[in-house]
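The values are calculated or read from the model by the stated rules, or taken from the named source; none is laboratory data. Being a predicted model, the structure only gives us computed values, none of them experimental. When we count neighbours, we look across all protein chains shown, and the Cβ atoms used for this are built from the backbone with ideal geometry, even at glycine.
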Amino acid sequence: MEIAKIFSIERISLRDDLRSKKTVLERLGSLLEIKNAGPSACQIGDLLASRERLGTTGLGSGIALPHARIAKKEPARAAFLKISNPIDFDAVDEKPVDLFLGLCLPEDSINEYLNLLGKVAEALEDISFVENLRTIDDKEAVLRRLSIEIDSKQGV
């Protein structure tokens with residue numbers, strides 16, 4: 001599964017002023033929602049929060065990868081959120097987080113799900129790539145950069 005196929009410019013937000021994990025997950029829910037179809041933004045936010053209760057998706061270095069499984073019939077989708085001020089997100093390195101890549105993937109696509117998570121995690125280990133994401137203030141540039149970097153990885 002390629003991130004470029006499940007991402008769009010409408011699912012990118014770059015200057016949000018959010019102050020808590022709850023508001024970040026709600027915002028990601030609204031970015032991942034398909035209007036007039038499938039789960040609502042609130043339901044997606046709840047799915048992300050439920051996954052977060054199982055263990056943090058805060059990878060460290062100011063990055064989190066909130067993700068949730070959705071119904072089989074729903075299309076996979078990704079969203080990117082950059083917030084103005086880093087927040088506590090219970091990251092593994094205990095540092096605050098300002099970059100969030102949210103994913104919703106159908107519950108029947110386990111192999112694709114794991115492969116994409118592996119590719120995303122591998123891409124986000126690249127410190128120069130992450131720092132570049134922090135400086136980009138253009139949605140098209142973010143979309144292009146994420147797609148190229150993540151889709152070039154092998155995954156699991």
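Brief remarks on what is shown
- Of the residues making up segment 78-114, those that are in a helix (DSSP H, G or I) and within 24 Å of I9 (Cβ to Cβ) are E112, Y113.
- Counted residues, segment 126-148 - those being surrounded by 12 or more Cβ atoms within 10 Å (Cβ to Cβ) and over 24 Å from N85 (Cβ atoms): 3
- Comparison of G38, G60 shows that the only residue that is crowded, with 17+ Cβ neighbours inside 10 Å and out of contact with any helix residue (DSSP H, G or I) (no Cβ under 7 Å at 6 or more places or on another chain) is G38.
- Scanning segment 1-23 for residues that are surrounded by fewer than 15 Cβ atoms within 10 Å (Cβ to Cβ), of a type outside the set (S, T, N, Q) and closer than 22 Å to D88 by Cα turns up R15, D17, R19, K22.
- Sole residue being at pLDDT below 90 and at negative phi, chosen from L81, L65, L103, L116: L116
- Reported count of residues in segment 92-128, each being among the hydrophobic types (A, V, I, L, M, F, W, C) and out of contact with any Leu (no Cβ under 9 Å at 6 or more places or on another chain), is 3.
- Scanning segment 124-149 for residues that are closer than 19 Å to L32 by Cβ and in contact with a strand residue (DSSP E or B) (Cβ under 9 Å, 6 or more places away or on another chain) returns L124, L133, K139, V142, L143, L146.
- Scope segment 42-77; condition part of a helix (DSSP H, G or I) and of a type in the set (K, R); matching residues: R51, R53
- Filtered by the rule that a residue be surrounded by fewer than 19 Cβ atoms within 10 Å (Cβ to Cβ) and either of a type in the set (A, V, I, L, M) or free of Cβ contacts under 8 Å to residues at least 60 places away in the same chain (or both), segment 88-112 gives V92, D93, E94, K95, P96, P106, E107, D108, I110, N111.
- Subset of segment 41-57 [farther than 21 Å from L114 by Cα and either in contact with a His (Cβ under 6 Å, 6 or more places away or on another chain) or crowded, with 17+ Cβ neighbours inside 10 Å (or both)]: A41
- S13 meets the conditions (1) closer than 28 Å to S152 by Cβ; (2) assigned to a helix (DSSP H, G or I); (3) of a type in the set (G, A, S) in every case but one. The failed one is (2).
- Residue check, E26 surrounded by fewer than 21 Cβ atoms within 10 Å (Cβ to Cβ) and touching a Ser or Thr at 6+ places or on another chain (Cβ under 8 Å): no
- The residue pairs whose first member lies in segment 1-12 and is within 16 Å of L81 (Cβ to Cβ), whose second member is surrounded by fewer than 14 Cβ atoms within 10 Å (Cβ to Cβ) and of a type outside the set (A, V, I, L, M, F, W, C), and whose beta carbons are closer than 8 Å, counting only pairs six or more residues apart or on different chains, are I6/P75; I9/E140.
- Considered as a group, the residues in segment 84-100 that are under 15 Å from L25 (Cα atoms) and among the aliphatic types (A, V, I, L, M) include one that is modelled with the lowest pLDDT, and that residue is A91.
- One residue from G45, G55 being touching a Leu at 6+ places or on another chain (Cβ under 6 Å) and farther than 16 Å from M1 by Cβ: G45
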